[in-house]
1. Taking only the C-alpha atoms, wrap a convex hull around region 12-150 and report its volume per residue in Å³ as a whole number.
2. Between residue 288 and residue 29, what is the FRET efficiency for a Förster distance of 56 Å, r being their Cβ-Cβ separation, to the nearest 0.05?
3. Between residue 177 and residue 119, what is the spin-label point distance in nm, taking each point 7 Å from the Cα along the Cα→C-beta axis?
4. Taking R0 as 30 Å, what's the FRET efficiency between residue 208 and residue 187 from their Cβ-Cβ distance, rounded to 0.05?
5. Which of 136, 244 comes first, and how do the rest follow, when ranked by fewest Cβ neighbours within 10 Å?
6. Could you calculate the contour length gain from residue 215 to residue 233, that is, 0.36 nm times the residue separation minus the distance between their Cα atoms, to one decimal place in nm?
7. Of 207, 120, how do they rank once you tally other Cβ atoms within 10 Å and put the fewest first?
8. Any chance you could run the full-extension gain for residue 66 through residue 155? It's 0.36 nm times the residue separation minus the Cα-Cα distance, nm to one decimal.
């Protein structure tokens, strides 16, 4: 295939999976149930130590019978972004989605998004809404982990970065050609903090993304999943640092150089530093983050005084009993 030439109408599904023996079948079954006729499934095993590969191999005949292309890529265990990179070279479809291995697609999920992009050629991407379900019972949960935000907005770069809207991976569909214009080497930045910022933020900086107001993607709420595993303080602080380095790299990819945008990213970092410092009782670091927020315009004088008082007064009891409520009300969930 010539570089950046894609099969018209085909949808490439790239899914990384690690130790998914117990849940992978649900995702693969949901792909097989799609009403759309032209799909290639690219499943990347991130060095699983359970029976994931055996489950995956058991689906070859089913995909062949359905008329869908099916590829299993075996990779060494690293992280989700590295696994996505192992699959991107095999993408041949005009459209690209990357659902998680424990989630599901409604049968019309792919078809409705392709239809939207075909009938709205001015857009290079589209997203849908999601619902959350209990992985054990299948029952829908009412509360989502992410904010929906303003669904009429199409400029989503800052909304995604600043957690005002969702990054739910399986909700988004991108045109492959536009995506690989950003990543001509077919590699996204590799960090141990997932893959969605890398996939979405540079794309959203360049392109508008409308929303189909339908729940076309199901998010599994599963005890023990990577996103829901409790982190130690060291792990969480490393995660925060990785996100900062990732966003710096994304800013370079997007060629963000204007002072207003750089200040906004600086504020994003400082606000996160303040939260993590407050959580673990690091008053000196919390005060420094608040001063940084003040300098970059993230806090008014009154807000700064309130936050400094809080940072000085925080102790173990306050952190344990009051901090979760304070964070929910004044800081936000993310």
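1. Roughly 128 Å³ of hull volume per residue.
2. 0.65
3. The two pseudo-label positions are separated by 2.2 nm.
4. Once the sixth-power term is evaluated, E becomes 0.75.
5. The most exposed by this proxy come first: 136, 244.
6. Full extension of this stretch gives 3.0 nm more.
7. Ranking 207, 120 by Cβ neighbours within 10 Å, fewest first, gives 120, 207.
8. 28.3 nm
Rule-based calculations on the coordinates, nothing more; no lab input. If you're wondering where the values come from, they're calculated on a predicted model, not measured in any experiment. Here Cβ is always computed from backbone atoms with ideal geometry, including for glycine, and neighbour counts include all displayed protein chains.
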